[in-house]
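Novice: Starting off with a structure, shown below.
The values are calculated or read from the model by the stated rules, or taken from the named source; none is laboratory data. Note that the coordinates shown come from a computational prediction; the quantities given were computed from them, not determined experimentally. Positions of Cβ are generated from backbone atoms using ideal geometry, with glycine treated the same way; all protein chains shown enter the neighbour counts. These area figures cover heavy atoms from the full protein model, side chains too; ligands, DNA and RNA do not enter into them. Shrake-Rupley method; radii C 1.70, N 1.55, O 1.52, S 1.80 Å.
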Amino acid sequence: MALPGLVLLLAFHYLPLLGNLIAFQEYLPFVPLGRSAWVGLDNFAVIFNGDAEFLNALKNTLLITIVQVIFVFPAPIALALLLNSLLSERIKRVVQSVLYLPHFLSWVIVIAIFQQILGGSGLINNFLREHGMGTIDFLGNPDGFIALLTSQVIWKDTGWGTILFLAALTQIDPGLYEAARVDGASRWRQLWHVTVPGIRGLIILLLILRLGDSLTVGFEQIILQQNLVGRPASEVLDTYVYNNGVLAGQWGVSAAVGLVKGLIGVALVIGANKVAHIFGEAGVYKK
């Protein structure tokens, strides 16, 4: 039964790893993979020598990652705790259904919605214009681009992210809450000493996986808005690979950057998992 899934995994995840060979070649798309000239580590020069465009993409990627770990990662946890506190199961199901819907919208539609609300001819700016006030450039302001990205991700994916946490909350023994109430614990103390420890393992697991994916910050979402704010403010590693590889034809350099990004992600997962073991958590895999 697992064979079809394994075949798909090999075909679309492991076989493409052979394409990393072009990171060490002067690759040309119309030349067979093994016949392009080998250039060793020359394609990695943009990384080792500190190419300004690469460093800018790396800086933007790290800033977005830090902001999203601080604001995006805890959002589903907080929302799941709020939903779990609802006494009516019917209301809870309705609210969950509404919150899940944005996840199924493509980034094209999500960004179009934000443009209709925050754009130069959007609802907010039209309201300001009609009342004699100056308009605000929400979408084209480079200084607010990271905040815009973060708000879009929270709106789109927070509801969907609650699924795992809500499932984990149902596994907590109700007797623990009863014992806490008998001991005089308030709802806040029950949350802190019963609920949070009950989902701590899942939080650590998802945080480790998020760290492994930390250098991937939403290619489609950013590339669709890059023309509005310009590349200096919006260029990240994924768009750097696209702009320099697919558009500029520097296939080897882009592959080198993508390879290093992947290796860093693996190292972060392994390192974070070892830290989790030190603190007594299972992490992604056990010792």
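Novice: If you check residue 46 against the conditions, is it in a helix (DSSP H, G or I), over 24 Å from the mean Cα position of the chain (by Cα) and either in contact (Cβ under 8 Å) with a residue 60 or more places away in the chain or under 30 Å from residue 136 (Cα atoms) (or both)? Steps first, answer last, please.
Specialist: Values: in a helix (DSSP H, G or I): yes; over 24 Å from the mean Cα position of the chain (by Cα): yes; either in contact (Cβ under 8 Å) with a residue 60 or more places away in the chain or under 30 Å from residue 136 (Cα atoms) (or both): yes.
It is true that residue 46 is in a helix (DSSP H, G or I), over 24 Å from the mean Cα position of the chain (by Cα) and either in contact (Cβ under 8 Å) with a residue 60 or more places away in the chain or under 30 Å from residue 136 (Cα atoms) (or both).
Novice: What's the total number of residues in the stretch 86-100 that are surrounded by 12 or more Cβ atoms within 10 Å (Cβ to Cβ) and in contact (Cβ under 8 Å) with a residue 40 or more places away in the chain?
Specialist: Here the count works out to 3.
Novice: Which condition from (1) surrounded by 14 or more Cβ atoms within 10 Å (Cβ to Cβ); (2) in contact with a helix residue (DSSP H, G or I) (Cβ under 7 Å, 6 or more places away or on another chain) is the one that residue 45 breaks?
Specialist: (2)
Novice: Please give the number of the condition residue 81 fails out of (1) closer than 13 Å to residue 160 by Cα; (2) aliphatic (A, V, I, L, M); (3) open to solvent by 40 Å² or more (accessible area, probe 1.4 Å).
Specialist: (1)
Residues are listed down the side, and each one gets a yes or a no for (1) of a type in the set (A, V, I, L, M); (2) open to solvent by less than 100 Å² (accessible area, probe 1.4 Å); (3) at negative phi:
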| residue | (1), (2), (3) |
| --- | --- |
| 18 | yes, no, yes |
| 30 | no, no, yes |
| 37 | yes, yes, yes |
| 77 | yes, yes, yes |
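Novice: Something else now. Among the residues of the stretch 117-130, is any closer than 18 Å to residue 236 by Cβ, modelled with pLDDT of 85 or more and not hydroxyl-bearing (Ser, Thr, Tyr)? First the steps, then the outcome.
Specialist: Taking the stretch 117-130 as the starting set, the residues that turn out to be closer than 18 Å to residue 236 by Cβ are none.
No, that holds for no residue.
Novice: May I pose another question? So which residues in the stretch 163-180 are modelled with pLDDT under 90 and aromatic (Phe, Trp, Tyr)?
Specialist: Once the filter is applied, which keeps residues that are modelled with pLDDT under 90 and aromatic (Phe, Trp, Tyr), the stretch 163-180 yields only 177.
Novice: Confirm whether residue 195 is open to solvent by less than 40 Å² (accessible area, probe 1.4 Å) and farther than 27 Å from residue 152 by Cβ. Talk me through it step by step, then tell me what you get.
Specialist: Details: open to solvent by less than 40 Å² (accessible area, probe 1.4 Å): yes; farther than 27 Å from residue 152 by Cβ: yes.
Against the criterion (open to solvent by less than 40 Å² (accessible area, probe 1.4 Å) and farther than 27 Å from residue 152 by Cβ), residue 195 qualifies.
Novice: I need the full set of residues from the stretch 211-225 which are open to solvent by less than 50 Å² (accessible area, probe 1.4 Å) and either in a helix (DSSP H, G or I) or small (Gly, Ala, Ser) (or both), in order please. Walk me through it before giving the result.
Specialist: Quick first cut of the stretch 211-225, residues open to solvent by less than 50 Å² (accessible area, probe 1.4 Å) only: 212, 214-215, 217-218, 221-223, 225.
Result: 212, 214, 218, 221, 222, 223.
Novice: In contact with a His (Cβ under 9 Å, 6 or more places away or on another chain), open to solvent by 60 Å² or more (accessible area, probe 1.4 Å), modelled with pLDDT of 90 or more and aromatic (Phe, Trp, Tyr): does that describe residue 160?
Specialist: Working: in contact with a His (Cβ under 9 Å, 6 or more places away or on another chain): yes; open to solvent by 60 Å² or more (accessible area, probe 1.4 Å): yes; modelled with pLDDT of 90 or more: yes; aromatic (Phe, Trp, Tyr): yes.
When the stated conditions are applied, residue 160 passes them.
Novice: Moving to a separate point now. If a residue must be over 25 Å from residue 107 (Cα atoms), in a loop (DSSP other than H, G, I, E, B) and open to solvent by less than 60 Å² (accessible area, probe 1.4 Å), how many such residues does the stretch 226-268 contain?
Specialist: Selection size over the stretch 226-268: 1.
Novice: Every residue in the stretch 49-61 that is part of a helix (DSSP H, G or I), without any contact (Cβ under 8 Å) to a residue 24 or more places away in the chain and surrounded by 12 or more Cβ atoms within 10 Å (Cβ to Cβ), please. Reasoning before the result, please.
Specialist: First pass over the stretch 49-61, keeping only residues part of a helix (DSSP H, G or I): 52-61.
From what's left, without any contact (Cβ under 8 Å) to a residue 24 or more places away in the chain: 52, 55, 59.
The answer is 55, 59.
Novice: Here's a follow-up. Taking the stated definitions as given, is residue 233 in contact with an Asp or Glu (Cβ under 9 Å, 6 or more places away or on another chain) and on the phi < 0 side of the Ramachandran plot?
Specialist: Working: in contact with an Asp or Glu (Cβ under 9 Å, 6 or more places away or on another chain): yes; on the phi < 0 side of the Ramachandran plot: yes.
Yes: the conditions hold for residue 233.
Novice: Keeping to the stretch 62-88, report how many residues are within 14 Å of residue 169 (Cα to Cα) and part of a helix (DSSP H, G or I).
Specialist: Of the residues in that region, 9 qualify.
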